[in-house]
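Working notes for the structure below.
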Amino acid sequence: MRSFPVWALLPTLAACNSYEWFRVTGYVQQGFTNKADILFVVDNSSSMSDEATALAQNFSDFVVLFADEQPPTDPDLANDVERFLAFVGDPTGNINYQLGVTNTDVSTNAGKLLGDNPVVGKTDNNVAGKFLDNLVCKAACIDDVPSDIGVACRSGGQCATSAAGSEEEPIEAVFMAMCRAVENPPDACFQPWWPDEDGSGWSKLPPGDTGAPDADAPDPVDYFSNAEVMSNAGFLREGSVVIPVILTDEGDQSRRIDARDGSIFPYDQYFKQFGHRMSWAVIGPSEDATACKGPAADWGIHRLEHMVYGSDGVYVPISLRQDANTCVNADFSKALADIGQLLRALSSSFALQSTPVQGTIVVTVDGKQVPESTQSLDPQLDLVVFTDGWSYRASDNTVILHGSAVPDASEDVRVYYLPSGGSPRDLPF
Amino acid sequence: MALTPASFATATLLAALSIEAHAQEAVDIGVIKDSDVKVVQNLLYPKTDKLEVGVYLGWMPFDPLVTTPNLQLSVNKHFSEDLSLSVMVGGGYGVKTLRYAELEKPPYQVAPAAYRYLASALVGVEYAPIYAKMNLGGRKVIHYDIYGAGRLGATIEQSVLPDGSITAAPTLGLGVGTRFFANKGMALRFEIYDDLLVEYRSLTTSWHFKQNAGLQVGVSFFPGANTKGSRK
């Protein structure tokens with residue numbers, strides 16, 4: 001009796017279907033928002049006096065442009081041309097911002113927002129004037145404030161004079177500023193600190209501590225207690241993006257990371273506890289061949305780079321190499337323009353983790369597919385303009401939404417693409 | 001004249017033989033061999049020259065990323081007890097599995113470019129060399145057959161990625177099934193199959209081999225048949 005070879009079917013059933021693996025980039029957990037809480041952290045050591053002055057002078061133009069949301073009236077100014085074009089070319093300038101300033105001297109201020117109006121909002125009167133007053137007169141170290149900056153004080157802010165105060169701790173300053181802005185700060189905010197015996201740093205344990213109670217141990221310094229909760233009230237808004245902007249000529253020396261350690265643990269874990277998306281901007285020392293590192297230690301620079309590049313931020317060298325023996329201050333107007341671009345781009349751009357294969361990008365907003373934008377050159381403005389939709393920018397591997405495709409707050413944006421380097425990671429099966 | 005013993009015996013033998021000769025016709029059939037036996041039992045539910053129409057519920061559960069419920073309709077024209085022409089058409093909708101959803105989320109954040117089954121239409125033959133019956137607990141005898149199927153046709157599929165692109169793929173369907181005859185007009189059918197297709201995926205501009213393996217259960221009807229059976 002003939003029989004059907006059933007066994008011949010078994011290999012076909014056991015075989016697996018193969019699929020190409022697309023990456024998915026998007027903000028599934030966090031909704032998108034146009035609220036930006038911008039925290040300037042200024043290095044107020046005496047070495048920063050000249051740089052702080054130059055920054056303040058350029059801050060005037062930057063703040064006027066950004067705060068007023070109007071294009072400069074005189075586009076012939078060389079310093080403003082790039083910013084003018086960036087503003088006109090990008091129609092997504094609807095950012096609901098707040099500005100706060102503190103400095104890197106955690107020993108003195110512990111992240112407290114400085115100034116008579118510590119939180120300057122978009123709808124406040126004289127946004128630029130209030131912000132500059134906070135920056136120049138309360139936070140930075142400036143020996144002689146130029147009259148063209150337009151503030152009442154003639155010598156600025158506060159200069160860090162103590163050894164401990166000269167420890168630049170911008171990351172710690174940002175952390176403490178956020179601790180002061182929430183009703184239920186993480187436990188790490190309440191950490192007491194004992195000064196090192198030489199006064200150069202801080203420790204979580206009293207000097208000579210062996211774990212046993214010591215009646216002679218000095219009292220710790222409590223930078224943050226229940227009395228300081230909400231001392232930066234109003235700065236962190238629900239659902240906002242927090243943008244720390246750090247200005248320093250030194251690397252980070254924040255106390256919770258061991259000296260000479262270039263990693264950012266445990267700060268990366270601490271910041272997550274606040275539940276805010278963060279994007280860091282640094283104008284600081286760089287190891288790039290075109291920049292001057294100055295007195296900054298490598299590990300201190302690496303910490304700042306970790307924060308910036310891990311959050312799709314902006315890193316601008318504060319000092320550039322003119323020749324083998326000469327360093328000059330960077331063009332701070334351009335640096336601020338880059339930061340301004342970061343702020344505008346946050347509401348409409350999505351960095352991809354891998355380089356996509358051309359033609360495989362699919363973008364959805366709240367499940368609805370967004371078409372690809374077409375671009376054309378506007379002859380009058382000499383600018384590339386985009387239709388509603390998305391475009392891909394290869395220079396920073398970013399997908400950008402234009403026009404009506406820009407998502408509203410809390411809309412779920414997804415970007416699907418086939419990575420050119422193949423499957424991105426080991427899969428669970 | 002008196003009968004002798006020998007003559008009496010002879011007469012008796014002749015009488016006996018003549019009685020048998022008159023009682024029935026003798027048929028010489030020679031020697032019976034096993035190879036001469038072709039029918040083990042009565043084929044109670046013949047299919048020859050009959051039309052069979054069926055409806056099935058199916059599931060394609062073997063893909064780890066897309067699982068597909070489906071509905072199939074069949075028409076068979078039986079040329080003999082072994083061979084029939086088979087037409088199978090159907091539709092369904094593949095849905096992403098929990099595993100697919102897990103892959104889209106952190107920390108994996110990948111989206112396999114899977115395709116979901118939408119519809120198919122296949123034409124081919126069924127070969128049913130086995131017809132048998134089974135005794136259930138000594139109380140019921142069920143007749144059944146076992147067949148193999150080979151069909152050709154096309155399958156319509158759609159990308160599960162947001163682009164939703166649709167493709168039509170040439171398909172070779174292979175299957176093994178069985179009919180349990182309830183009566184001369186109806187049978188319960190079960191089939192396991194594997195559709196082999198080659199499809200073009202527009203987003204990646206590439207051709208891919210794919211298998212839609214599945215199971216289906218249904219009923220089929222033999223229109224116009226006398227539903228009453230006879231003694232088993």
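The values are calculated or read from the model by the stated rules, or taken from the named source; none is laboratory data. Here the structure is a predicted model, which is why all the values come from computation and not from measurement. With ideal geometry, Cβ positions are generated from the backbone for all residues, glycine too; neighbour counts draw on all protein chains shown. Accessible surface is based on the protein model in full, side chains and every heavy atom, while ligands, DNA and RNA are left aside. Shrake-Rupley method; radii C 1.70, N 1.55, O 1.52, S 1.80 Å.
General observations
- Of everything in segment B:98-128 that is at pLDDT 95 or above and open to solvent by 20 Å² or more (accessible area, probe 1.4 Å), the residue that is nearest to the other protein chains (Cβ to nearest Cβ) is B:Tyr127.
- The condition (being open to solvent by less than 50 Å² (accessible area, probe 1.4 Å) and part of a helix (DSSP H, G or I)) is satisfied by just one residue among A:Ala128, A:Ala160: A:Ala128.
- Residue in segment B:189-204 that is touching an Asp or Glu at 6+ places or on another chain (Cβ under 7 Å), more than 19 Å from B:Leu73 (Cβ to Cβ) and assigned to a strand (DSSP E or B) present: yes
- Residue list for segment B:132-154, filter: within 13 Å of chain A (Cβ to nearest Cβ) and open to solvent by less than 50 Å² (accessible area, probe 1.4 Å): B:Ala132, B:Asp145, B:Tyr147, B:Gly148, B:Ala149, B:Gly150
- Of the residues A:Ala296, A:Ala289, the single one that is surrounded by 21 or more Cβ atoms within 10 Å (Cβ to Cβ) and small (Gly, Ala, Ser) is A:Ala296.
- So A:Asp116, is it over 15 Å from A:Val41 (Cα atoms) and open to solvent by 10 Å² or more (accessible area, probe 1.4 Å): yes
- Taking each residue of segment A:269-291 that is part of a loop (DSSP other than H, G, I, E, B) and looking for partners that are acidic (Asp, Glu) and open to solvent by 30 Å² or more (accessible area, probe 1.4 Å) with beta-carbon atoms closer than 8 Å, six or more apart or interchain, yields A:Ser279/A:Asp312; A:Pro285/A:Glu250; A:Glu287/A:Asp298.
- The criterion of at least 3 residues that are touching a helix residue (DSSP H, G or I) at 6+ places or on another chain (Cβ under 9 Å) and either without any contact (Cβ under 8 Å) to a residue 24 or more places away in the chain or polar (S, T, N, Q) (or both) is met by none of the strands (runs of 3 or more DSSP E) falling completely within segment B:68-184.
- Inter-residue pairs, beta-carbon under 7 Å, first more than 8 Å from every other protein chain (Cβ to nearest Cβ) and in segment B:195-212, second open to solvent by less than 20 Å² (accessible area, probe 1.4 Å) and among the aromatic types (Phe, Trp, Tyr), 6+ apart: B:Glu199/B:Tyr115; B:Asn212/B:Tyr117
- Test: residue in segment A:34-50 that is within 30 Å of A:Thr355 (Cβ to Cβ), touching a Lys or Arg at 6+ places or on another chain (Cβ under 9 Å) and either away from chain B (no Cβ under 14 Å) or modelled with pLDDT under 85 (or both): no
- Output for segment B:185-194, where each listed residue is without any contact (Cβ under 8 Å) to a residue 40 or more places away in the chain and either in contact with a Lys or Arg (Cβ under 6 Å, 6 or more places away or on another chain) or not β-branched (Val, Ile, Thr) (or both): B:Leu188, B:Phe190, B:Asp194
- Note on segment A:350-363: among residues that are surrounded by 19 or more Cβ atoms within 10 Å (Cβ to Cβ) and part of a strand (DSSP E or B), the one that is modelled with the lowest pLDDT is A:Phe350.
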